[in-house]
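Data block below; observations after.
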Amino acid sequence: MKAARIAFLSFAIILIYDIGLKAQGDSTQSFSLTEAQEYAINNFYMTKNAELDIEKAQKFMREVTAIGLPQISAGADYTYIPEIPTGSFPATILENDLPFTDDPVSGNNIHNNLRIGYEDGPKIRFGVEHNITYNIMLTQLIFSGEYIVGLQASKTYMQMSKETYEKTTIELKQLIANTYYTILILLENQQLLKETTDNLNNIYEETKKTAEQGLMESIDADQILINVKRTENQLKYVERQLEFMNRMLRYQMGMEVSGNLHLTDSLDDLIDNNIIDEANMYIFDLEEHIDYKLLSTQEKLNLLNLKREKSMYYPTLSGFYRYEDKLEKADFDFTMRHMIGVTLSVPIWESGAKNNRVGQAKIELEKSQIMKDQEAERLIMEADQAKFDYMTALERFYNERENFELSERVLKNTTEKYKQGMVSSLDLTLTNNQYIEAQITISETALQLLNAKVVLDKAYSKL
């Protein structure tokens, strides 16, 4: 009984675990286009790297700022002197050879008998065998042209990192939108092909029964079957594309590629929201375009680099305070424990090296200015082309939508006539092929319209 209970509990645990895995594998996440773009911005590797570049720029700016702040350093030296030099200062003594008499001492006796002598004084060490010398140094930069320009350059570098992040998010939004639109188009095609396949299967079964009763040629049923197989093949192709694009979207969003996605935006709503006429067309602003802003920032960096090279002609002034002492001291020690001073560095001559570096910086600045002017013309032309392509795609979409609605009506009428025996299976086949072709065309034009709108938004800094 106990063994049976254990077996039952083990089976229940395994069953619950399998159900949990299945539920996890079958979980579906829902996203609108805006939500998918925001999710990608927060999770895709491109934006993560761009965010890290901003963080790196912040640390670089702090590093440059710290150069002009007080710097404190400490050091210690250990010394060992096997043979310590010693010495002594001679001591002066007076030697007196005057005889001990009771007679008075005359000056001549003193002069002739009193002598000055010398002998060695006590031993003095001019060092110690083991010693440690330690010091603390405080320095402060007072003036440096290179440092002043460096501060400006670090802030500009930060600006460029933020603009690079902005450009990355724009490109990622465009990428997500294109994939999102493609999936919606494929879903629309999948639905239409399923309906067409079901409709053709019903017609085939009716035709087959009619042919078996001898009321219709069997070749008519075979002709309908060809259409069924052809439509089924197209449906399988669309389903494989749909599976791949779902995996692609998950990858672009920074998710695991396995799993299901549910797109909450409808194709019709997206088309309606992305239609604008010429009266409401965007106005191009070159200064707001991210590519132009990046080139302007690059030009500013090159200008600062030129200023930096020129600043190398200026002197550099810094102040310092130094404290130094020893753990052991000799009998005579000349260590100066406190020292305050300033250091002035004046560049005089480098055989033309500075002048050539300044010349190179000027050339880089001129190149960036030329590139910015060239890019400005390209961006203006790109905006005009984006407007032209969008209006063309919009006109084509309207035309193809009418053609699709017309082919749909023709197919319904032809199908009814075929059921009544008024048209042949060949007529139905041609009409069905025409309908499928119109369906594919309207899907292509809808995708072109949506993608053209994304390009238009990007060109006019609206993305």
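What follows draws every value from the coordinates through simple rules; no lab data is involved. Bear in mind the structure is a predicted one, so any value in this text is a computation, not a measurement. Note: ideal-geometry Cβ built from the backbone for every residue, glycine included; neighbour counts use all protein chains shown.
So how do 353-360, 381-388 stack up, highest first, on mean other-Cβ count within 10 Å?
Ranked from most to least packed, the peptides come out as 381-388, 353-360.
So if R0 is 60 Å, what FRET efficiency would Ile363 and Asn233 give, r being the distance between their Cβ atoms, rounded to the nearest 0.05?
So, using R0 = 60 Å, E works out to roughly 0.45.
What percent do you get for the relative contact order of the chain when only Cα pairs under 8 Å and 6+ apart count?
22
Please name which of Tyr78, Gln223, Ile340 has its Cα lying farthest along the dipole of the chain towards the positive end, using unit charges on Cβ (Lys, Arg +1; Asp, Glu -1) and the Cα centre as origin.
Checking the options against the dipole of the chain, the answer is Tyr78.
Given R₀ = 51 Å, FRET efficiency for Ile340-Lys56 by Cβ-Cβ distance, to 0.05?
Efficiency computed from Cβ-Cβ geometry: 0.85.
In whole Å, what is the distance between the alpha-carbon centres of the range 247-295 and the range 169-220?
28
Computed FRET efficiency, Cβ-Cβ of Leu426 and Ser258, R0 51 Å: what is it to the nearest 0.05?
0.65
Which loop-located GluC sites (Glu not before Pro) does the range 222-321 contain, where loop means any DSSP state but H, G, I, E or B and the Cβ has at most 16 other Cβ atoms within 10 Å?
Filter output for the range 222-321: Glu256.
Which value at 222 nm does the chain reach when only helices count, each DSSP H run of 4 or more adding -39,500 (n - 2.57), with the total divided by all residues and rounded to the nearest 500 deg cm²/dmol?
Rounded to the nearest 500, it is -23500 deg cm²/dmol.
Beyond a 22 Å Cα-Cα separation, which of these cross-linked pairs lie in this structure: Lys300/Lys372; Lys208/Lys419; Lys367/Lys453; Lys209/Lys417; Lys194/Lys236; Lys310/Lys362?
Those over the limit are Lys367/Lys453.
Taking the Cα atoms only, what angle lies between the long axis of helix 145-212 and the longest principal axis of the chain, rounded to 10 degrees?
Result, in degrees: 20.
Note the listed values (1) -0.28, -1.34; (2) -0.62, -1.32; (3) -0.32, -1.51, then indicate which one is log10 I(q)/I(0) by the Debye sum over Cα atoms at q = 0.06, 0.14 Å⁻¹ calculated from this particular structure.
Working out log10 I(q)/I(0) by the Debye sum over Cα atoms at q = 0.06, 0.14 Å⁻¹ from the coordinates points to (2).
Place a +1 charge on the Cβ of each Lys and Arg in the chain and a -1 charge on the Cβ of each Asp and Glu, then give the dipole magnitude about the Cα centre in debye, rounded to the nearest 20.
Here the size comes out at about 460 debye.
What spacing in nm lies between the two simple spin-label points modelled at Asn43 and Asn201, each 7 Å away from Cα in the Cβ direction?
About 3.5 nm, to one decimal.
Return the distance in nm (one decimal) between the two label points of a simple spin-label model at Ile81 and Met137, each offset 7 Å from Cα along Cα→Cβ.
Taking the simple label geometry, Ile81 and Met137 are separated by 2.4 nm.
What angle do you read, to the nearest 10 degrees and between 0 and 90, between the alpha-carbon axis of helix 218-252 and the longest principal axis of the chain?
Helix 218-252 sits at roughly 20 degrees to that axis.
Distance between Cα centroids, the range 351-379 to the range 314-337: provide it in whole Å.
First find each Cα centre; the distance between them is then 47 Å.
Against the longest principal axis of the chain, how steep is helix 290-311, in degrees 0 to 90 to the nearest 10, with axes from Cα atoms?
Roughly 10 degrees, rounded to the nearest 10.
Order these peptides, 175-187, 62-74, by their mean beta-carbon neighbour count within 10 angstrom, highest first.
The peptides rank, most packed first, as 175-187, 62-74.
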